[in-house]
């Protein structure tokens, strides 16, 4: 039986983001009833200083003892158990609501809710209860849910993705998913929120990911890729972005959703002649897309839905995810984004003592931003640390390519990104917020926005996604032994130097040289660089940092459509 922990009278103070190792405060009461001899008091004392100790006792040794005879002092840094020491005297509605939120979170963060926790004050992940909640959400819903009828594809994605992250088998939903998805598909291409509803990029994105989560040839084959391609061409905007629906708004969501759909289903990039973005220059679905993303970065450093709007955490993830599909993050991020300013803005989204993320400036923490903001960090950290993998890009080849390029094509050294070193955000803070504040410990189960709010499928999916992100480290590994990847034509043309044509007839003519881009693959491993506050049984399945579904789902659906010839 796990020992129940209590809040200690004193704690060790650490500086955010909590990278320092918290000193152990372990007290064990020896069971003398079953021993044949007495142990001197001076030899049973464990000192709490960092100098010489008489005996050494590990956490595991204490937990293995009887709970009746052991007291464990939880190791919770003051950072997560008290109001910030520096406070603004000006009282506003915003500051009042913020204080109320902190007051609701502190009892959960401090272990004061009588929850069974480990030695770090972290309760266990109630997998079975959350899985039951998700399976109920996939069944018949009560009448008030009729208002969310157009969001049915999202419920499929949220619930199936969360179940997969928990390690649950979702193959038993294959038949129902096929029937439901078919009813949502339109002859003109794409998927709507339900039968007879107009196609929309957001619902199409959700359906495609739901299909990937269940997997299998029968599931993949329900997609009419030819009609989907024509429909995507009709959404392409001449300025680079995508409409969310025919005649709808153009925003960063469309850029990300379209990029995910195109790359997972291996949709041709050529535009149809009747596309609004078609021209004699023969642009593609990805033409001017990174430039559109670039225009969405705001003066704060974050990313907005469209140019000249307010920065938002979910739009930052959409922007980074879109760019990461177009090219390797370490190449494309510094080219189109002011990465230092973006890092500054993202860092400001994490609060103490809560440990969670807010979505905008002067807003409250919300569990869903564990993914929307927390999911930005694996992409940025991988971009900063690219090339440190097992198979780096050969330096000689890189130098030769740079020397062959004209002056205007030489890399801008000011735009190169330094390595990130350790994690750029407090993983401990996010894990504490998720595990302590976001779990609904009632019979209902599921995960939630914050204490006092009900759990729902949306938050269950994205809170678990953020937990997976905090538990794992993603790296970009370049492997030049595999076939080189080919960037979109517009990126390749800009990156490649022009080479003169061979032969007298080609004198004076310039043609693009072949572009050889080393293939970058994603490598994942458990994050072990800091204090490990989670027990092993609380780890969940790795989530792909770009596609927001488990890694094996991405590999399976991509490999299937890459093998197909034509539609």
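Laboratory data are not the source of any read-out in this text; all were calculated from the coordinates shown. Worth saying up front: this structure is predicted, and the values here are computed from it rather than measured. Virtual Cβ from ideal backbone geometry, glycine too; neighbours counted across all protein chains shown.
Considering only region 340-352, I want to know if a residue exists there that is without any contact (Cβ under 8 Å) to a residue 40 or more places away in the chain, crowded, with 22+ Cβ neighbours inside 10 Å and closer than 12 Å to residue 376 by Cα.
yes
So which of 364, 320 is in contact with a strand residue (DSSP E or B) (Cβ under 7 Å, 6 or more places away or on another chain) and touching a residue at least 40 places away in the same chain (Cβ under 8 Å)? Let's see the steps before the verdict.
On the way: 320 fails: in contact with a strand residue (DSSP E or B) (Cβ under 7 Å, 6 or more places away or on another chain).
Just a single option satisfies the conditions, and that option is 364.
Filter region 523-567 down to the residues that are surrounded by fewer than 20 Cβ atoms within 10 Å (Cβ to Cβ) and in a strand (DSSP E or B) and list them by number.
Across region 523-567, the qualifying residues are 523, 524, 525, 526.
Consider residue 103 against the criteria (1) over 25 Å from residue 467 (Cβ atoms); (2) exposed (fewer than 13 other Cβ atoms within 10 Å of the Cβ): it satisfies all of them except one. Which criterion is unmet?
(1)
What number of residues within region 137-171 are farther than 21 Å from residue 540 by Cα and either in contact with a strand residue (DSSP E or B) (Cβ under 6 Å, 6 or more places away or on another chain) or part of a helix (DSSP H, G or I) (or both)?
Residues that pass the stated criteria total 12.
Quick grid of which residues meet (1) farther than 19 Å from residue 374 by Cα; (2) not in a loop (DSSP other than H, G, I, E, B):
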site	(1), (2)
227	yes, yes
246	yes, no
259	yes, yes
262	yes, yes
280	yes, no
293	yes, yes
308	yes, no
316	no, yes
324	no, yes
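Assuming residue 286 fulfils every condition listed in (1) buried (at least 22 other Cβ atoms within 10 Å of the Cβ); (2) assigned to a helix (DSSP H, G or I) apart from one, which condition is it?
Answer for residue 286: the failing condition is (2).
Only residues that are crowded, with 22+ Cβ neighbours inside 10 Å and within 20 Å of residue 323 (Cβ to Cβ): list them for region 227-243, please.
If the condition is that a residue be crowded, with 22+ Cβ neighbours inside 10 Å and within 20 Å of residue 323 (Cβ to Cβ), then 232, 235, 236, 241, 242 are the ones that fit.
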